[in-house]
1. What residue, among those in the stretch 65-81 that are surrounded by fewer than 18 Cβ atoms within 10 Å (Cβ to Cβ) and in contact with a strand residue (DSSP E or B) (Cβ under 7 Å, 6 or more places away or on another chain), is farthest from Gly38 (Cα to Cα)?
2. Out of all the residues in the stretch 60-70, is one or more at pLDDT below 75 and either in a loop (DSSP other than H, G, I, E, B) or not aromatic (Phe, Trp, Tyr) (or both)?
3. Suppose we keep only residues that are under 12 Å from the mean Cα position of the chain (by Cα), outside any strand (DSSP E or B) and over 17 Å from Lys92 (Cβ atoms) within the stretch 19-50. Which one would you say is modelled with the highest pLDDT?
Amino acid sequence: MLEKGMKPKDLPVKVRRGAKIPADVRAAINAEDLLNLGGVYGDKKAGDPMEYDNLKLVLTDDTVEITVYNRGIALFMLDDQRIRRIHRVLCKHDGSGKD
């Protein structure tokens, strides 16, 4: 979560690769087909402080980056299955207890 005056680049970044990605998160990434959902979602200007999620999937041949601004607002305001799929994976990531 960004505090007032912070920028997304100020947030800590967690990087996990290969076997260090929890199995339930890997399964969710595959089940939700997140590798095809790279891009930016949500409204960057929808409030301060704002929610900001960055999911970077590092593959052997390519890197997929997914950024979600204001996930809670986007889920509430939009009926977008892409954001719901990203949300399901991020919830598994947040709740894995392996940070």
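1. Among those residues, the one meeting the criterion is Thr67.
2. yes
3. Filtering the stretch 19-50 for residues that are under 12 Å from the mean Cα position of the chain (by Cα), outside any strand (DSSP E or B) and over 17 Å from Lys92 (Cβ atoms), the one modelled with the highest pLDDT comes out as Gly38.
The values are calculated or read from the model by the stated rules, or taken from the named source; none is laboratory data. Quick caveat: nothing in here was measured; it's all calculated off a predicted structure. Note that we place each Cβ from the backbone using ideal geometry, even for glycine, and neighbour counts take in every protein chain shown.
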